[in-house]
Amino acid sequence: MTGSDYYVPAAVLAIALVVKSPSFWRTWRSPMTKSIFVILAASVAGFVFGAPPTIERVNRITDVANISAPIVYCCLSCLSCASLVLLIHWRGGTEETIRRHTGMWIGATAVAIATFWVLFSLSDVPVEQQREFDTFYATTPYVREMIVLYLTAHTATSLVVATKCWRWARELRDLQAAWTHWGLLILVAAFGLTLSFALVKLVAVGARWAGTDTWDSLSTDVAPPLAGLGAAMTTVGFLVPVVGPRLESMWVSWRAYRAMEPLWRALEPFAGPGKPMRISPTSSLEIRAMARSTEIADRLLSLAPHLDNGHRAAAERYASSQGCTPEAAVIFAEAAAIHAALLAAEGSRAPASGQTPVAVESSAAIPTRVSGTNGLARLSVQFSKIHRSDSPVGAVPSESN
């Protein structure tokens with residue numbers, strides 16, 4: 001692997017870290033926030049310090065051969081520990097249980113990191129190895145123990161996290177937890193890759209103990225891509241449950257905003273004399289959708305004197321006779337009533353035979369029984385169909401609407 005194989009994913013993760021920085025600053029007291037920050041930071045550091053060009057530069061600056069090895073071990077140990085701590089808080093439980101489990105893993109990681117540096121300081125590793133440190137020094141006193149400790153700890157944490165995520169994912173059956181479910185499945189795959197990384201390294205190191213270097217390629221060529229992909233997927237897995245609901249909300253709001261446009265434009269003549277609502281260019285999609293639904297509701301109030309309750313009731317009976325659910329029938333009836341009211345207001349068509357307009361009582365005027373952003377979006381879609389058909393009753397409503 002070349003330097004770009006390390007620096008490109010490091011840059012992507014660094015961008016994610018910068019983008020999330022404002023959120024980290026606002027919620028820094030949260031243990032989950034700190035865990036996510038450590039996961040991103042440790043992933044970036046692991047990629048950067050694991051790149052051969054960085055290894056060479058660090059060794060030259062410190063004038064200590066192979067000092068990058070314990071640095072990378074520490075970064076990946078912090079990543080594993082933060083993943084476990086985040087999972088513990090994410091899973092929940094009593095405060096005492098969470099504190100005990102997180103303290104245990106943080107303490108174990110601190111001991112492991114301290115041991116790395118003690119063993120490295122006692123070792124003799126004068127020959128710089130940018131890609132083959134683990135196998136080249138697999139039989140060297142003290143470094144041998146450091147490598148075994150690192151790989152054993154990495155194997156244990158990967159196995160624990162993957163198992164916990166898999167068990168939790170199987171418990172989640174509710175659609176409301178879909179993003180968490182998918183995030184857990186991604187984490188299972190991610191830590192499966194990191195587990196494979198550790199096992200492949202152990203095989204290569206074990207071959208060196210047996211006196212052969214024929215398996216070194218597992219450590220130098222196979223293991224690094226597994227570690228890189230695993231670290232990237234770990235970050236994605238933890239961010240999916242956080243970012244996913246937000247993206248879903250934005251998508252739903254955008255669809256509703258677009259769907260309300262036909263009704264919003266049709267009601268534009270009834271906007272009233274006041275100034276139109278001002279929306280900042282930086283406003284969220286949720287705010288834009290809410291503003292459009294509010295404008296539609298205000299315009300319907302101006303249209304209320306033209307609404308024909310008889311036409312509304314006839315349209316609802318018609319929709320019900322076509323097999324629509326009560327909710328779909330109401331949507332269709334309200335859309336048909338609005339369509340007829342607009343025609344009546346324009347004076348382009350007289351009321352159909354048998355459909356006598358019923359005055360709306362000003363003290364209890366209900367322009368439409370449909371409200372809310374999503375409800376008005378469905379109403380707008382149905383209104384658009386009726387408007388295109390140009391029928392007194394309208395097109396046959398669809399259950400999908």
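Before moving on, here are some points about what is shown:
- Read-out Rg and Dmax of the Cα atoms in Å, derived from the coordinates shown; its label in [x] 25.5, 86; [y] 19.3, 60; [z] 31.8, 101: [z]
- Note on residue 369 and residue 159: with the Förster distance fixed at 41 Å, the Cβ-Cβ geometry gives a FRET efficiency of about 0.15.
- Cβ crowding within 10 Å ranks 150, 257 as 257, 150, fewest other Cβ atoms first.
- Under the Karplus curve 6.51 cos²θ - 1.76 cosθ + 1.60, θ = phi - 60°, whole-Hz ³J(HN,Hα) for the stretch 69-81, x wherever Gly or Pro sits: 4, x, 5, 5, 4, 5, 4, 5, 5, 5, 4, 5, 5
- The stretch 42-58 - phi-based ³J(HN,Hα) in whole Hz, Karplus 6.51/-1.76/1.60, Gly and Pro as x: 5, 5, 4, 5, x, 5, 5, 6, x, 6, x, x, 5, 4, 4, 5, 5
- In plain terms, the chain from residue 27 to residue 210 could stretch by 60.8 nm, reckoned as 0.36 nm per residue minus the Cα-Cα distance.
- Between 0 and 90°, nearest 10: helix 285-303 axis offset from the chain longest Cα axis: 10
Each value in this text was obtained by applying a stated rule to the coordinates, not by laboratory testing. Worth saying up front: this structure is predicted, and the values here are computed from it rather than measured. Positions of Cβ are generated from backbone atoms using ideal geometry, with glycine treated the same way; all protein chains shown enter the neighbour counts.
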